[in-house]
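FYI, it's all coordinate maths here, none of it is from the lab. Here the structure is a predicted model, which is why all the values come from computation and not from measurement. Note that each Cβ is placed from the backbone with ideal geometry, even for glycine, and that neighbours are counted across all protein chains shown.
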Amino acid sequence: MMDEDGYFYIVGRKKEMIIVGGFNIYPQGVEGVLYEHPDVKEAAVVGIPNQENGETVKAYVVPKDGCQIDLDGLRDQCYLKLTRYKVPKEFEIRDSLPRNTVGKLLKRLLVQEEQEKEARENAN
């Protein structure tokens with residue numbers, strides 16, 4: 001974006017940055033490793049708010065048609081290619097990921113779902 005004085009500002013991507021125990025994690029790097037798995041069609045990585053470390057890395061993956069994703073194998077691949085703190089602590093297999101009408105992935109909806117789920121659990 002450009003403000004009225006002509007200064008440019010980067011918006012969007014920085015908001016997706018995940019902070020775990022003071023370390024910065026960029027979801028795109030983790031997603032790249034997930035996409036290297038032969039059975040992964042789509043992937044999204046988000047930071048889920050966590051009181052201990054700030055955020056927890058969670059990966060949502062959609063398998064290719066007719067494939068099943070071995071989460072242990074996927075996790076092992078992440079440990080081989082990523083620094084330990086960047087490896088997702090949670091994985092969730094989904095049929096699809098939320099998108100807007102133009103097709104853009106809506107990661108904020110994934111985070112919102114997690115927050116609502118935690119609120120329900122805490123209410124019980």
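Could you please find all residues in the range 68-103 being surrounded by 11 or more Cβ atoms within 10 Å (Cβ to Cβ), of a type in the set (Asp, Glu) and not in a loop (DSSP other than H, G, I, E, B)? If the condition is that a residue be surrounded by 11 or more Cβ atoms within 10 Å (Cβ to Cβ), of a type in the set (Asp, Glu) and not in a loop (DSSP other than H, G, I, E, B), then 76, 90, 92 are the ones that fit. Pairing residues of the range 43-55 that are more than 20 Å from residue 33 (Cβ to Cβ) with residues that are among the β-branched types (Val, Ile, Thr) and surrounded by fewer than 16 Cβ atoms within 10 Å (Cβ to Cβ), at Cβ distances under 8 Å and at least 6 apart in sequence or on separate chains, gives 54/19.
Evaluation of residue 65 against the conditions (1) in a helix (DSSP H, G or I); (2) under 19 Å from residue 36 (Cβ atoms) shows that the sole unmet condition is (1).
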